Amino acid sequence: MSIALVASILVSAGTGQLEIPPQEVLGSLLHHIGIDWLPAPTHAAGDATLWTIRFPRIAMAVLVGAGLAVSGLIMQAIFGNPLAEPGVIGISSGAAVGAGLSIVFGLTFFGQWTTAVLAFAAGLIATLVVYGMSRADGKTEVVTLVLTGIAVNAIGGAAIALLTFLGDTQSREQIVFWQLGSLQGSGWAQVWITAPVIAVGLFAAYAAGRKLDLLALGERNARHLGVNVELLRIVMIFVVALLVGASVAFAGIISFVGLVIPHLMRMVMGPAHIPLVTASALGGALLLTLADLGARTLVPMAEMPIGMLTALVGGPFFFWLLRRTRKRSGGWG
């Protein structure tokens, strides 16, 4: 996957209205670190196009894809089922509402961080609501989890509609951006804000990997082995809100990355969470890099919403996973 990710980055960076061969893309990267092994872009605007427009956009795709995939992995671990995903249970829509509040009312009390902070806070609130309502007799009920997520998504959609009604034309356009999801206009400023947040989230996921393995044995067994289950869940919920809030704040709602990638990686690699964090981060980065490439190139002279593409892939996968889980459990009754 690392090789595939590097290849997708080179192809994506070279694809567009200005075509740049992969060896020239790699040559541009190497030239910036003082290595002159490969030719630089021959087009006069090639180097500027790569470093001003395409590389920051691809960097955001890698960061957001990794963050969403790892957040989905954590959700599945702490809820103990493969159906948990930030978008499915309302975290993404909650975070988008927080961002919408910042947009419509022009809030600036955290400076350039205001949108991200409000997105993070609203996503955390949505997570806590879903978690609290899906608990019964010390267990998380998968059906209640999904149904509560539907309700939270409905409330979030209504709040976004209200903000769209209250906002001016510019605010409405920005809110539509949140609902569709896009990496258009991503710059290095967004990358430098998002990168440390995603890095902290990944570090926390690695640090909790062994405890998540013990939690997979069951809450009672995990407690006997010294795991403070509730504290672990609360901390991990905070980490998920951090990852999703940072991603949604700059990319809008991008659904199903956190559902598809962790489940596929678990099917291939098994249940150990430390290697799964690495695999999910790489898989999410690869998926979103390819989805962004498709969003830019599938329709000539236009750009498709990246969230729409991931939903077209993730929606059918979710139906299959729901049916598969139901068969394994012998029904929901």
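If you take the residues in segment 105-164 that are aromatic (Phe, Trp, Tyr) and over 20 Å from the mean Cα position of the chain (by Cα), which one is nearest to PHE79 (Cα to Cα)?
Selected residue: PHE110.
Yes or no, residue by residue, for (1) under 20 Å from MET60 (Cα atoms); (2) buried (at least 24 other Cβ atoms within 10 Å of the Cβ):
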{"site": "ILE254", "(1), (2)": "yes, yes"}
{"site": "PRO271", "(1), (2)": "no, no"}
{"site": "ALA279", "(1), (2)": "yes, no"}
{"site": "ALA285", "(1), (2)": "yes, yes"}
{"site": "LEU288", "(1), (2)": "yes, yes"}
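Pairs under 9 Å by beta carbon, first residue closer than 12 Å to LEU73 by Cβ and modelled with pLDDT of 95 or more in segment 279-290, partner assigned to a helix (DSSP H, G or I) and basic (Lys, Arg), six or more apart or different chains?
Going by the 9 Å Cβ cut-off, the qualifying pairs are ALA279/ARG266; SER280/ARG266.
Taking segment 186-211 as the search range and keeping residues that are crowded, with 17+ Cβ neighbours inside 10 Å and in contact with a Pro (Cβ under 6 Å, 6 or more places away or on another chain), which one is farthest from VAL227 (Cα to Cα)?
Looking at the filtered set, the residue picked out is SER186.
I want to confirm something. Restricting to segment 24-38 and keeping residues that are surrounded by 14 or more Cβ atoms within 10 Å (Cβ to Cβ) and farther than 25 Å from TRP192 by Cβ, which single residue is modelled with the highest pLDDT?
Checked segment 24-38; the qualifying residue modelled with the highest pLDDT is GLU24.
I'd like to verify a number: residues in segment 236-278 that are touching a residue at least 60 places away in the same chain (Cβ under 8 Å), assigned to a helix (DSSP H, G or I) and of a type in the set (S, T, N, Q), how many?
1
So which residues in segment 1-15 are loosely packed, with under 13 Cβ neighbours inside 10 Å and in contact (Cβ under 8 Å) with a residue 24 or more places away in the chain?
SER2
Sort out which residues of segment 278-321 are more than 21 Å from the chain's Cα centre (by Cα) and among the aliphatic types (A, V, I, L, M), and write them in order of number.
If the condition is that a residue be more than 21 Å from the chain's Cα centre (by Cα) and among the aliphatic types (A, V, I, L, M), then LEU298, VAL299, MET301, ALA302 are the ones that fit.
Consider segment 213-245. How many of its residues are of a type outside the set (Lys, Arg) and under 20 Å from the mean Cα position of the chain (by Cα)?
The number of residues fulfilling the criteria is 12.
Looking at ILE58, ILE89, which one is surrounded by 24 or more Cβ atoms within 10 Å (Cβ to Cβ), closer than 29 Å to ARG210 by Cα and among the β-branched types (Val, Ile, Thr)?
Exactly one residue qualifies, and that residue is ILE89.
Take the residues in segment 204-235 that are among the acidic types (Asp, Glu) and in contact (Cβ under 8 Å) with a residue 60 or more places away in the chain; name whichever of them is farthest from ILE74 (Cα to Cα).
Among residues in segment 204-235 that are among the acidic types (Asp, Glu) and in contact (Cβ under 8 Å) with a residue 60 or more places away in the chain, the one farthest from ILE74 (Cα to Cα) is GLU219.
Working only within segment 29-51, note down all residues that are farther than 18 Å from LEU293 by Cβ and polar (S, T, N, Q).
THR42
Residue by residue through segment 16-66, note down the ones that are free of Cβ contacts under 8 Å to residues at least 40 places away in the same chain, in a helix (DSSP H, G or I) and small (Gly, Ala, Ser).
Those that are free of Cβ contacts under 8 Å to residues at least 40 places away in the same chain, in a helix (DSSP H, G or I) and small (Gly, Ala, Ser): GLY27, SER28, GLY46, ALA48.
Considering LEU298, LEU293, which residue is surrounded by 15 or more Cβ atoms within 10 Å (Cβ to Cβ) and at pLDDT 85 or above?
Of LEU298, LEU293, the one residue that is surrounded by 15 or more Cβ atoms within 10 Å (Cβ to Cβ) and at pLDDT 85 or above is LEU293.
Is it the case that THR108 is closer than 30 Å to THR52 by Cα, in contact with a Ser or Thr (Cβ under 8 Å, 6 or more places away or on another chain) and free of Cβ contacts under 8 Å to residues at least 40 places away in the same chain?
yes
With the checklist (1) surrounded by fewer than 24 Cβ atoms within 10 Å (Cβ to Cβ); (2) modelled with pLDDT under 80 in hand, flag the one item ILE125 doesn't pass.
Every condition holds for ILE125 apart from (2).
Part of a loop (DSSP other than H, G, I, E, B) and either in contact with a helix residue (DSSP H, G or I) (Cβ under 8 Å, 6 or more places away or on another chain) or more than 29 Å from ILE3 (Cα to Cα) (or both): does that describe GLY307?
No; evaluated as a whole, the condition is false for this residue.
In segment 111-132, what residues are touching a residue at least 12 places away in the same chain (Cβ under 8 Å) and closer than 22 Å to ASN228 by Cβ?
LEU124, THR127, LEU128, VAL130, TYR131, listed by residue number.
The values are calculated or read from the model by the stated rules, or taken from the named source; none is laboratory data. Model, not experiment: these values are computed from the prediction. Cβ atoms come from the backbone with ideal geometry, glycine included; neighbour counts cover every protein chain shown.
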